[in-house]
Amino acid sequence: MYTLYIGNKNYSSWSLRAWVLLKAFGIPFNEQRIPLYEPDSSERIRVHSPSGRLPCLHDGGTVVWDSLAIAEYLAERHPSMWPGAAGARAWARSASAEMHSGYGDLRNEFGMNLRVRETRKAPPAVANDIMRIATLWREGRERFGQSGDFLCGAFGIVDAFYCPVACRFASYSVALDGAAGAYHRALLDLPAMREWAEGASRETEHIPMLDRMMAQAQQQ
Ligand SMILES: N[C@@H](CCC(=O)N[C@@H](CS)C(=O)NCC(=O)O)C(=O)O
């Protein structure tokens, strides 16, 4: 059985991607949570993850770190994580990679924190990221999404990569209309996302540094 090492469910956006992918596909795994930013966190993470970061997947003797590598590893073993049609698959890979390596302004200013529920005005750079994501979501739904509620129809890796964005948009009251808004709701309503949120609500740790950064951003 796989073992997935993850960080706090309230804060760890990268962990959410790998976790939600396994859950949504009904793949059994052993979940090991290592709370971030505690005095022994780095030491504990390094025992399992060579990069010192989470998530990290163990499959017997095979260790896979980084959410994109984990997704690709799982896709080699479980069908339908990427779309079957080559065009849709190329689009889904591009949209996932864009998320993986981009949107720095959104990440920094609208940090994932499931305890946050507030209205915050997006600075221009964040507004640009939001606009680009809304365009991408509409494009996926219109071009490839006819057979289901997700970007390329059925839930897949590309959707797992946008799950943390869905949490950020909910936290900071980013409301999208039309197909993009409906897709946002579909992500939040996914049973696996509800299960992650329930897990987060039971967590007791607070990361003061992250909570403070979010409060400061709100005052600006
Ligand atoms: N690109 C990596 C990023 C992983 C990452 O930055 N994880 C954070 C938690 S969300 C982490 O492990 N932070 C611990 C640290 O930096 O000490 C991925 O996709 O998995």
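Any idea which of (1) within 20 Å of the chain's Cα centre (by Cα); (2) of a type in the set (A, V, I, L, M, F, W, C); (3) within 16 Å of the ligand (Cβ to nearest atom) is the one W82 doesn't satisfy?
Looking at each condition in turn, W82 falls short on (3).
How many residues does region 1-46 hold that are within 13 Å of the ligand (Cβ to nearest atom) and assigned to a helix (DSSP H, G or I)?
Adding up the residues that qualify gives 14.
Restrict the check to region 148-155 and report whether at least one residue is hydrophobic (A, V, I, L, M, F, W, C) and in a helix (DSSP H, G or I).
no
Here is a check on your reading of the model: is I70 open to solvent by less than 70 Å² (accessible area, probe 1.4 Å) and under 15 Å from the mean Cα position of the chain (by Cα)?
Criteria met by I70.
Conditions (1) outside any loop (DSSP other than H, G, I, E, B); (2) at pLDDT 95 or above; (3) farther than 24 Å from D105 by Cα, marked per residue:
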site: I133; (1), (2), (3): yes, yes, no
site: W137; (1), (2), (3): yes, yes, no
site: R141; (1), (2), (3): yes, yes, yes
site: V165; (1), (2), (3): yes, yes, no
site: R168; (1), (2), (3): yes, yes, no
site: M213; (1), (2), (3): yes, no, no
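Consider S96 against the criteria (1) modelled with pLDDT of 95 or more; (2) more than 19 Å from the chain's Cα centre (by Cα): it satisfies all of them except one. Which criterion is unmet?
S96 satisfies all of (1) modelled with pLDDT of 95 or more; (2) more than 19 Å from the chain's Cα centre (by Cα) except (2).
Residues of region 136-163 being closer than 29 Å to L210 by Cα and either open to solvent by 70 Å² or more (accessible area, probe 1.4 Å) or not assigned by TED's automatic domain parsing to the domain that holds R93 (or both), which ones?
Selection gives nothing.
Counting just the residues of region 85-102 that are of a type in the set (A, V, I, L, M) and within 13 Å of the ligand (Cβ to nearest atom), which one comes out most open to solvent (accessible area, probe 1.4 Å)?
So, considering only residues that are of a type in the set (A, V, I, L, M) and within 13 Å of the ligand (Cβ to nearest atom), the one most open to solvent (accessible area, probe 1.4 Å) is A97.
Return the pair list, or none, for Cβ contacts closer than 9 Å from residues in region 106-125 that are closer than 22 Å to M193 by Cβ and polar (S, T, N, Q) to residues that are open to solvent by 40 Å² or more (accessible area, probe 1.4 Å) and part of a loop (DSSP other than H, G, I, E, B), at least 6 apart or on different chains.
T119/S173
Every residue in region 76-99 that is in a helix (DSSP H, G or I) and polar (S, T, N, Q), please.
S94, S96
Scan region 104-136 residue by residue and report those that are closer than 19 Å to F150 by Cβ and not aliphatic (A, V, I, L, M).
R132, T135 - these are the residues of region 104-136 that are closer than 19 Å to F150 by Cβ and not aliphatic (A, V, I, L, M).
Step by step: first the residues of region 103-126, then only those that are of a type in the set (V, I, T) and surrounded by 14 or more Cβ atoms within 10 Å (Cβ to Cβ), then the one that is farthest from P164 (Cα to Cα). Which residue is that?
Here the answer is V126.
Name the single residue, out of those in region 47-71 being in a helix (DSSP H, G or I) and in contact with a strand residue (DSSP E or B) (Cβ under 8 Å, 6 or more places away or on another chain), that is farthest from the ligand (Cβ to nearest atom).
H48
The values are calculated or read from the model by the stated rules, or taken from the named source; none is laboratory data. Computed from a prediction, not measured in an experiment: that's the story for all the values here. Note that each Cβ is placed from the backbone with ideal geometry, even for glycine, and that neighbours are counted across all protein chains shown. Keep in mind that these areas ignore ligands, DNA and RNA; they rest on the heavy atoms of the full protein, side chains included. Shrake-Rupley method; radii C 1.70, N 1.55, O 1.52, S 1.80 Å.
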